[in-house]
Amino acid sequence: MALMTKQALRQICKDHKLYMTPHLNDKLYCNFKGFGSIGDLEEYVNLGALFLEGNAIDSLEGLPPLSQLKCL
């Protein structure tokens, strides 16, 4: 299983042509990456949508308090 790391999240931002500065992103496409758990999202404080479909995540543990999050 893949780990959701800062490096993996930066690569996702690069692949989807999102901002490389985490707090500027309002959405993050982490779907179908093989992640087993949620982690390293603390800097993504302005996320309104977090796409996690197609991963092996069985718990929301590791999800920081994202006050703008409307869609998970």
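The values are calculated or read from the model by the stated rules, or taken from the named source; none is laboratory data. Keep in mind that what you see is a predicted model, and the values were worked out from it rather than measured. Methodologically, a virtual Cβ is constructed for each residue, glycine included, from the backbone with ideal geometry; neighbour enumeration extends over all protein chains shown. The area values use the complete protein model at the heavy-atom level, side chains included, leaving out ligands, DNA and RNA. Shrake-Rupley method; radii C 1.70, N 1.55, O 1.52, S 1.80 Å.
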**Prompt:** Is there any pair linking a residue in segment 36-55 that is among the charged types (D, E, K, R) to one that is assigned to a loop (DSSP other than H, G, I, E, B) and at pLDDT 95 or above, with Cβ under 8 Å and at least six apart or on different chains, and which?
**Reply:** 40/4; 40/5; 53/31; 53/32
**Item:** Matching residues, segment 24-43, being within 17 Å of residue 71 (Cβ to Cβ) and part of a strand (DSSP E or B)
**Value:** 27, 28, 29
**Complete:** Scanning segment 40-56 for residues that are on the phi > 0 side of the Ramachandran plot and surrounded by 17 or more Cβ atoms within 10 Å (Cβ to Cβ) gives 40
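To keep it simple, each residue is scored yes or no on (1) within 12 Å of the chain's Cα centre (by Cα); (2) loosely packed, with under 15 Cβ neighbours inside 10 Å.
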position: 3; (1), (2): yes, yes
position: 7; (1), (2): yes, yes
position: 21; (1), (2): no, yes
position: 59; (1), (2): no, yes
position: 66; (1), (2): yes, no
**Prompt:** Before we move on, is residue 46 touching a strand residue (DSSP E or B) at 6+ places or on another chain (Cβ under 6 Å) and in a loop (DSSP other than H, G, I, E, B)?
**Reply:** no
**Prompt:** Does residue 33 satisfy the condition of being within 17 Å of residue 2 (Cβ to Cβ) and open to solvent by 50 Å² or more (accessible area, probe 1.4 Å)?
**Reply:** yes
